[in-house]
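S.K.: Can you keep this structure in mind? I'll have questions shortly.
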Amino acid sequence: MALYLIIHEPADENAVVPPSRLAELAADSVAGVAGPRWLTTWSPDLHDDRLFSLWEAENAAAIAEALERYGFLNERVAHPIRVRAWGPEDVLAAEGG
């Protein structure tokens, strides 16, 4: 499974969207139900309308399908980006230190 950072940007304010099934998505993600797994979401400060969520999935298409199925942040446009976590320890290990 790969990690995906999703940038959720505001969409058309007049769009009519079905209600979110957030509790069901949360339960399925915690239980490890097959398919993409929602890991966490970040809300920036009040001057930024975007939200960011982290998912574990086979591909971005699977996340798009889950976002639609559960209505997760469906009043927004989602932009998935495949990411890989790395930090100081990884740099030192690569440098032999």
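The values are calculated or read from the model by the stated rules, or taken from the named source; none is laboratory data. Note that the structure is predicted; figures quoted are calculated from it, not measured. Heads up, the Cβs are rebuilt from the backbone with ideal geometry, glycines too, and the neighbour counts pull from every protein chain shown.
S.K.: Give me the pairs, please: first residue somewhere in region 1-23 and among the basic types (Lys, Arg), second residue anywhere and modelled with pLDDT under 95, beta-carbon distance under 9 Å, and either six or more positions apart or on two chains.
M.R.: Note: pairs meeting the criteria are ARG21/ARG69; ARG21/TYR70; ARG21/GLY71; ARG21/PHE72.
S.K.: Would you mind stating whether VAL30 is part of a strand (DSSP E or B), out of contact with any Leu (no Cβ under 6 Å at 6 or more places or on another chain) and more than 19 Å from ALA2 (Cβ to Cβ)?
M.R.: Answer is no for this residue.
S.K.: While we're on this one: Output the residue which, of all residues in region 9-24 that are of a type in the set (A, V, I, L, M, F, W, C), surrounded by fewer than 11 Cβ atoms within 10 Å (Cβ to Cβ) and assigned to a loop (DSSP other than H, G, I, E, B), is modelled with the lowest pLDDT.
M.R.: Per the criteria, the residue is ALA15.
S.K.: Sticking with this one: Within region 51-61, can you find the residues that are buried (at least 16 other Cβ atoms within 10 Å of the Cβ) and part of a helix (DSSP H, G or I)?
M.R.: Of everything in region 51-61, just one residue is buried (at least 16 other Cβ atoms within 10 Å of the Cβ) and part of a helix (DSSP H, G or I), namely ALA60.
S.K.: Let me ask another. Check region 74-81 and report whether any residue there is surrounded by 13 or more Cβ atoms within 10 Å (Cβ to Cβ), part of a loop (DSSP other than H, G, I, E, B) and touching a residue at least 24 places away in the same chain (Cβ under 8 Å).
M.R.: yes
S.K.: To continue, here is another question. Restricting attention to region 37-46, does a residue exist that is closer than 20 Å to VAL17 by Cα, among the aliphatic types (A, V, I, L, M) and surrounded by fewer than 18 Cβ atoms within 10 Å (Cβ to Cβ)?
M.R.: Among the residues of region 37-46, not one is closer than 20 Å to VAL17 by Cα, among the aliphatic types (A, V, I, L, M) and surrounded by fewer than 18 Cβ atoms within 10 Å (Cβ to Cβ), which makes the answer no.
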